[in-house]
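Peer 1: Pasting a structure here, questions to come.
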Amino acid sequence: MGFKSRLANKGPELSKVIAGVMKWGQWGAKLDTSDMARLIEQCVENEITSFDHADIYGGYTTEAEFGKAFAETSLKRDQVQLITKCGICYPCDERPEFGIKSYNTTKQYIIDAVDKSLENLKTKYIDVLLIHRPSPLMDLHEIAEAFGTLKAAGKVWYFGVSNFSTTQFDNLHSHVPLVTNQIEASLLQLDAFTNGTLDQCQRYHFKPMIWSPMGGGKLFEESDDFEFVQRRGRLKEVADKYGWALDEMAYLFLLHHPIRMFPVTGSSKLERIMLAKEAFEKQITNEQWFEIWTASTGQRVP
Ligand SMILES: NC(=O)c1ccc[n+]([C@@H]2O[C@H](COP(=O)([O-])OP(=O)(O)OC[C@H]3O[C@@H](n4cnc5c(N)ncnc54)[C@H](OP(=O)(O)O)[C@@H]3O)[C@@H](O)[C@H]2O)c1
């Protein structure tokens with residue numbers, strides 16, 4: 001199986017590290033086609049074969065840039081796994097029809113969004129489709145119907161959600177099998193560890209994908225927020241004590257959890273994406289994990 005793992009009992013095999021492309025295009029590094037093609041190839045050469053998209057990334061431009069870049073590589077479609085998301089309506093140049101930022105999870109919207117993603121990514125199928133955010137107006141029957149139609153047409157192989165509460169996940173999962181919940185977790189965002197999200201993953205035998213594992217880059221940015229600076233200072237002290245870099249410690253902390261989550265990296269630099277993979281080769285102790293936890297919360301556990 002190499003550097004792959006199954007996302008759920010009846011789910012796809014993905015690389016244990018997923019390369020997130022949100023900041024590869026217009027929302028970040030603005031890689032040109034040949035640099036993006038090279039980065040895709042380098043990821044695959046290093047066994048990072050799964051890529052995380054959303055239709056909105058780059059203001060609806062990154063999927064198409066990736067599709068164009070992928071076509072310039074010598075890779076075949078079945079050497080990679082493509083994850084994408086839909087459901088957020090984001091007003092921008094590419095979508096002048098959207099008046100304000102909103103969510104749409106109707107059957108027709110989901111089906112049309114997938115057709116656009118397929119066209120942009122220049123592919124016949126999406127490996128995993130996620131509903132990007134729970135909408136207060138979700139109709140679970142409609143979402144399930146959309147998923148059924150897309151599966152029957154061979155356009156999407158597996159389905160999941162992102163940013164869903166445990167109740168929202170449960171409700172949709174009772175209509176249609178879901179293989180993941182893509183959620184935020186990091187040294188700076190600990191909610192998933194205590195709000196039941198990770199427990200639910202264990203109960204249903206699926207693994208979460210973790211977005212913003214570096215706190216969206218906040219871990220490294222200048223800040224004049226006193227509490228944040230103190231928090232980062234405490235985290236840095238633990239990292240220094242064990243000779244870890246802060247980014248390394250951020251991955252070690254996530255990967256210590258028994259659920260074996262899939263980190264979704266955010267960098268557009270190969271060496272930083274590879275840090276996530278390298279973290280699989282190291283282990284921390286239970287006490288070290290709690291030392292990090294205590295540094296992050298600023299409080300000893302009760
Ligand atoms: N489902 C959702 O709602 C959702 C939301 C947000 C993101 N995502 C997904 O999750 C992926 C990751 O999210 P993210 O971009 O927030 O991830 P992240 O890894 O937390 O943050 C990435 C940012 O941190 C910087 N960075 C990383 N390592 C660094 C280091 N050692 N030193 C200094 N800067 C460093 C990167 O800059 P460089 O590029 O310069 O390295 C980049 O700007 C996205 O690409 C997307 O696929 C999903």
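Coordinate-derived values only; no laboratory data. None of these values were measured; they are calculated from a predicted model. Neighbour counts run over all protein chains shown; Cβ positions are idealised from the backbone, glycine included.
Peer 1: Apply the Karplus parameterisation 6.51 cos²θ - 1.76 cosθ + 1.60, with θ equal to phi minus 60°, to every residue of the stretch 49-63 and state each ³J(HN,Hα) to the nearest whole Hz, in sequence, with x for glycine and proline.
Peer 2: Going residue by residue, I get 10, 9, 10, 9, 10, 8, 4, 6, 4, x, x, 6, 10, 6, 4 Hz, with x marking Gly and Pro.
Peer 1: Taking a label point 7 Å from the Cα of Arg203 along the Cα→Cβ vector, which residues of the stretch 118-150 have an amide N closer than 19 Å to it?
Peer 2: The answer is 134.
Peer 1: Please report the relative contact order for the chain, taking Cα pairs under 8 Å with a sequence separation of at least 6, and give it as a percent rounded to a whole number.
Peer 2: Reported as a whole number, the value is 17 percent.
Peer 1: Quick one: 3J(HN,Hα) in Hz for the stretch 111-127, Karplus 6.51/-1.76/1.60 with θ = phi - 60°, rounded, Gly and Pro as x.
Peer 2: Going residue by residue, I get 5, 5, 4, 5, 4, 5, 4, 4, 5, 5, 7, 6, 9, 8, 8, 9, 5 Hz, with x marking Gly and Pro.
Peer 1: Let's see if you can work this out: charge +1 on each Lys and Arg Cβ, -1 on each Asp and Glu Cβ, no other charges. What is the dipole magnitude of the chain about its Cα centre, in debye to the nearest 20?
Peer 2: Computed charge dipole of the chain: roughly 640 debye.
Peer 1: Return Lys68, Lys282 ranked ascending by Cβ neighbour count within 10 Å, so the fewest neighbours appear first.
Peer 2: In order of increasing Cβ crowding within 10 Å: Lys282, Lys68.
Peer 1: Summing -39500 (n - 2.57) over the DSSP H runs of n ≥ 4 in the chain and dividing by its residue number, what mean residue ellipticity at 222 nm do you reach, to the nearest 500 deg cm²/dmol?
Peer 2: -12000 deg cm²/dmol
Peer 1: Now a separate question. For Leu235, Leu14, Leu246, what's the fewest-to-most ordering of other Cβ within 10 Å of each Cβ?
Peer 2: Leu246, Leu235, Leu14
Peer 1: Which residues' amide hydrogens lie under 5 Å from the amide hydrogen of Gln81, considering only partners 5 or more residues apart or on another chain, with H built in the peptide plane?
Peer 2: It is Ser50, Phe51, by chain and number.
Peer 1: Oh, and also: Between the stretch 90-112 and the stretch 230-244, what is the C-alpha centre distance in whole Å?
Peer 2: 42
Peer 1: Over the Cα atoms of the chain, what is the Rg over Rh ratio if Rh follows Kirkwood?
Peer 2: 0.96
Peer 1: For the stretch 18-63, rounded, prolate or oblate, judged on the Cα gyration tensor with a ≥ b ≥ c (square roots of eigenvalues), a/c < 1.5 rounded, else prolate if a/b > b/c? All intermediate terms of the calculation are to be shown ahead of the outcome.
Peer 2: Numbers: a/c = 2.63, a/b = 1.47, b/c = 1.79.
Since a/c reaches 1.5 but b/c is at least a/b, the shape of the stretch 18-63 is classed as oblate.
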